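Worksheet: the structure to be examined is printed underneath.
Where a number appears in this text, it was derived from the coordinates with a stated rule and is not lab data. Since we're looking at a predicted model, the values are computed, not measured. Note that each Cβ is placed from the backbone with ideal geometry, even for glycine, and that neighbours are counted across all protein chains shown.
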Amino acid sequence: MTPVRGLPAATATAHANIALIKYWGKADDDLIIPVTPSLSLTLDALYTTTTVRFGAVAADTATLDGEPVTGKAMARIVALLDLVRQRAGIDLAAEVTSVNTVPTAAGLASSASGFAALAGAAAAAAGLDLTDRELSRLARRGSGSASRSIFGGLAVWHAGTDDETSYAEPVADPTGLAEKLAMVVLVLDAGEKSVSSREGMRRTVQTSPDYRPWVEAHAGHLDEALAAVEAGDLPRLGAVAETNAAGMHATMRSAVPPVDYLTDASRAALQAVRDAREAGLPAWATMDAGPNVKVLTSAGRAVEVDAWLRDRLAASAPGLATVVAYAGPGLTVTREATA
Ligand code: 2P0
């Protein structure tokens with residue numbers, strides 16, 4: 001057998017997260033310092049597993065689900081690897097192999113799980129021993145939402161003012177609410193989004209008259225959400241999550257030119273969620289930088305909510321796929337044993 005050259009490989013798994021109180025807008029584009037803090041739920045069903053080995057290739061390479069990564073996506077990976085190399089004091093190219101586990105062609109391939117897994121695997125492969133907080137800060141440099149995917153359950157990303165103070169951590173959850181939550185993801189369109197979140201945010205911050213008012217309301221939204229978690233109160237958490245997300249999308253729609261991720265199918269799904277609530281089901285909607293609708297519900301009634309929504313949307317969204325996800329774990333990392 002040919003011996004493998006290079007440093008021992010490391011493999012990390014990180015799960016996707018969905019924000020209940022959103023990050024939308026950067027105070028610092030290079031360091032990825034957000035304008036607002038955010039609160040998220042990490043999901044069990046959607047995750048990325050990434051292996052990194054330094055020193056076995058001449059130049060950085062990466063594959064995602066077996067396909068070579070190129071262009072801007074590769075540049076973002078190399079930028080994160082550079083941060084790790086700098087910190088570890090090494091000058092070796094990396095071989096990155098990444099697999100996304102997304103049930104059905106969900107169109108949810110997430111930069112959050114991807115950059116959290118890359119940060120964890122690259123740091124370990126470079127011989128660094130980082131704390132969760134340091135890993136959160138490192139993942140943030142790849143993609144803001146990745147800072148939250150270091151942690152399982154409910155996590156809050158403190159906006160901070162610089163690299164050191166902008167990190168995520170688990171939320172105090174005295175009633176164990178995270179384990180009682182679920183998300184029904186309504187996959188309305190699995191295609192690529194038309195405007196990247198990076199561009200959508202930039203345009204919103206620079207041109208939307210509704211952006212500053214949303215930021216001003218945001219602090220109250222986060223306080224309300226944290227109080228709801230403290231009290232173990234899902235309806236209270238759901239209500240503020242829905243308000244915060246609707247407000248975020250309103251800021252985008254008044255940007256110049258407008259950023260509108262909602263399709264007719266999204267609007268029908270949002271109406272169906274309101275109807276489900278009218279019918280007595282626990283269901284609150286949130287949306288990110290795309291047309292899919294994510295429905296916050298209780299773990300105990302998620303299957304029922306999923307069935308109700310699929311039935312209600314059968315006529316307007318005949319190809320509808322759904323994913324029922326529960327609270328997921330934080331980052332796990334394993335390092336290859338040295339011979
Ligand atoms: C969030 N989103 O809080 C918000 C809500 C989308 C809408 O974080 O530019 O991929 O890499 O920091 O993290 C998506 O943006 O953006 C996102 P970058 P990211 O989940």
Rule-of-thumb Rg ratio for region 177-326 [Cα; 2.2 N^0.38 Å; N residues] = 1.06
message = Give me, ordered by chain and number, the residues 5 or more places off LYS26 or on other chains with an amide H under 5 Å from its own placed amide H.
response = VAL35
query = Given H placed on each backbone N at 1.01 Å, which residues far from LEU20 in sequence or on other chains put an amide H within less than 5 Å of it?
reply = LEU39, SER40, LEU41
task = Please find the FRET efficiency linking THR175 to ASP44, where r is the Cβ-Cβ separation and R0 is fixed at 25 Å, and quote it to the nearest 0.05.
result = 0.80
message = Sort LYS72, LYS180, LYS294 by Cβ crowding within 10 Å, fewest neighbours at the top.
response = LYS72, LYS180, LYS294
inquiry  = Test of understanding: what is the full-extension gain from ARG236 to VAL78, defined as 0.36 nm times their sequence separation minus their Cα-Cα distance?
reply    = 52.7 nm
inquiry  = I want to check a number: in the chain, how many lysine pairs have alpha carbons closer than 27 Å, given a sequence separation of 8 or more or different chains?
reply    = 10
query = How long is the gain from THR70 to ARG133 if the chain were fully straight, where each residue apart is worth 0.36 nm and the alpha carbon distance is subtracted?
reply = 19.7 nm
message = Could you order the peptides 89-102, 162-175 from most to least packed, using the average number of other C-beta atoms within 10 Å per residue?
response = 89-102, 162-175
inquiry  = Taking a ≥ b ≥ c as the square roots of the Cα gyration tensor eigenvalues, with a/c under 1.5 meaning rounded and otherwise prolate when a/b beats b/c, else oblate, which class fits region 90-178?
reply    = oblate
Neighbour-count order for SER145, SER266, fewest beta carbons within 10 angstrom listed first = SER266, SER145
ask   = Could you put HIS158, HIS15 in order, starting from the residue whose Cβ has the fewest other Cβ atoms within 10 Å?
value = HIS158, HIS15
message = With the cut-off at 1.5 for a/c, could you classify region 224-309 from its C-alpha gyration tensor as rounded, prolate or oblate?
response = oblate
task = Could I have the simple spin-label model distance between GLN86 and ALA279, label points 7 Å from Cα toward Cβ, reported in nm to one decimal?
result = 5.3 nm
task = Please find, in a Gaussian network model of the chain (springs between Cα atoms separated by less than 10 Å), the residue of VAL295, VAL324, VAL57 whose mean-square fluctuation is greatest.
result = VAL57
ask   = In nm, to one decimal, how far is the modelled label at ALA246 from the one at ASP30, with both set 7 Å along Cα→Cβ?
value = 4.0 nm
ask   = Once a ≥ b ≥ c are taken as the square roots of the eigenvalues of the Cα gyration tensor of region 1-115, is the result rounded (a/c under 1.5), prolate (a/b larger than b/c) or oblate (a/b not larger than b/c)?
value = oblate
remark   = Rounded to one decimal in nm, the spacing of the 7 Å Cα→Cβ label points at GLU199 and LEU320 is 3.0 nm
